[in-house]
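The values are calculated or read from the model by the stated rules, or taken from the named source; none is laboratory data. What you are looking at is a predicted structure, and each value in this text was computed from that prediction instead of being measured. Don't worry about glycine lacking a Cβ; one is built from the backbone with ideal geometry, like all the others, and counts go over all protein chains shown. Side chains included, ligands, DNA and RNA excluded: accessible areas come from the protein's heavy atoms. Shrake-Rupley method; radii C 1.70, N 1.55, O 1.52, S 1.80 Å.
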Amino acid sequence: MLFLYNLIIILASQVVKLIALFSPKVKLFVDGRKEVFPILQSKLSSNDKTIWFHAASLGEYEQGLPVIEKIKVHYPNHKIVVTFFSPSGYEVRKNNTVADVTVYLPLDTKFNAQKFIKTINPELVFFIKYEYWPNYLNELKKQNIKTYLISGIFREKQAFFKWYGGFYRNALKTFDYFFVQNESSKNLIQSIGFNNIKISGDTRFDRVVSILERDNSLDFIEQFKDNKTTIVIGSSWPKDESLLVNYINKASDTIKFIIAPHNIKAEQISNLKSQITKSSVLFSEKDEMLKQVQHDKLEEFQVFIIDTIGILTKIYSYADIAYVGGGFGNPGVHNILEPATFGVPIIIGPNYSHFAEATALVHQEGCVSISNQNELNEAFDNLIFNEDIRNEKGHICSTFVQMNKGATQIILNHINS
């Protein structure tokens, strides 16, 4: 089976090179991997002690960030190496300050695994949430390098739990310890013979709790809000926006809307803005517009479209109500924990069952799931015009986050014991 797997990886590596000729995103995937070993050789010496964290993409990186930060404190003489599989993670966080080296993970061939591990020579390795690369894991096991899965989550549909899943189950044997998010994950992995498991919870709660300790102020958002009820729409997709625009265009001028779309390509932003009949301003044009039109001030606009990345978390701190997008697509809704940590009631689309935190908050009624225009209108109106309900749902959200923090410390306690 390993032979067949390696053959598939080699064939896939050639196929993506062809696709890269036509796809900018795949080109980043291919070209970025050409630079991995030169970057490592320029930033690491043979005397360096390292700790390696692997994240599939941006979400997993954010999930692992509290552990990375704590490990950095506990192991100040080690260099931190962070790898990404996806361009959507690497391109956004390649210049992060927590890691000493950030690179793409080379494709999982036996040669790449041996060369990569020999180059960075890690003492500890952490895979975040998922991604099980057999050649890397086998090489780590062969060299007796401690390897952990953190914030792991397992589901019955995964190959590990099928009759044909022996190859994948063997990959799990290479881990020294599993830190999983919930009881069901623990039970599943125990059912196939593993007992080196601890329920630690989800490290994302630690990350969002830490956000409260930072400076989240944005003067231009405060100016735009102008002490009015403000709805923040985060990570929206066109299916979300088709409903949201209908509501925005009919809403009272006393309600402010901030939209931070998932996709900020100019064409999509222009299309979104053209559908909105309220006075709207883009983040990218606000300064120039306000210079040219002296009588207009930021607070006079009803809609603020954020066509940039990296500030949505801070913007949520100004929200009275949040709508988090993605819930009309697959795999589903985006991160609801960021608005929740600020005690903001949340509205989402119908596809959230793959996300434990969303499922829990819908059950606890801090979060409202909607499926159509009428339900969205009713959910917004209910929260806008009933301050008691808004405060109650917001309190449920913030309490939920606080009650679930602590995963990072559980992981650290075990590793340092």
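Observations, loosely collected:
- Axial C-alpha extent at least 20 Å, average Kyte-Doolittle at least 0.0 - helices from the chain (DSSP): 2-19
- Annotation: amide H-H contacts under 5 Å for residue 124 (H modelled 1.01 Å from N, sequence separation of 5 or more, or interchain): 52.
- Note: the range 13-201, Cα convex hull, 126 Å³ per residue.
- Accessible surface for the chain, divided over its residues, is 47 Å² per residue with a 1.4 Å probe.
- Compared with the alpha-carbon gap, the fully stretched path from residue 409 to residue 288 is longer by 38.9 nm at 0.36 nm per residue.
- Only Cα pairs under 8 Å and 6+ residues apart enter the sum, and on that basis the relative contact order of the range 211-401 stands at 22 percent.
- The distance separating the Cα centre of the range 172-213 from that of the range 351-399 comes to 27 Å.
- Computed [θ] at 222 nm, deg cm²/dmol, the chain (DSSP H ≥ 4; -39,500 (n - 2.57); rounded to nearest 500): -14000 deg cm²/dmol
- Restricting the trypsin sites (Lys or Arg not before Pro) of the range 213-273 to loop positions (DSSP other than H, G, I, E, B) with no more than 12 neighbouring Cβ atoms within 10 Å leaves 214, 265.
- Under the combined filter of DSSP loop state and at most 15 neighbouring Cβ atoms within 10 Å, the range 2-70 retains these chymotrypsin sites (Phe, Trp or Tyr not before Pro): 22.
- The range 100-123 and the range 10-29 have Cα centres lying 20 Å from one another.
- Segment residue 73-residue 110, extension gain: residue separation times 0.36 nm, minus the distance between their alpha carbons: 10.0 nm
- Dimensions in Å of the range 230-344 - Rg and Dmax from alpha carbons: 13.7, 45
- Dipole of the range 13-201, positive end: most advanced residue of 200, 153, 13 [Cβ charges, Cα centre]: 13
- Distances between placed amide hydrogens fall under 5 Å for residue 229 paired with 256, all partners being 5 or more residues away or on another chain.
- Summarising the amide proton neighbourhood of residue 323: residues at separation of 5 or more, or on other chains, whose placed amide H is nearer than 5 Å comprise 232, 233, 234, 347.
- Out-of-range pairs (alpha-carbon distance over 27 Å; input 79/146; 314/393; 79/162; 70/186): 79/162
- On the chain, 52 percent of the accessible area sits on carbon and sulfur atoms, based on a 1.4 Å probe.
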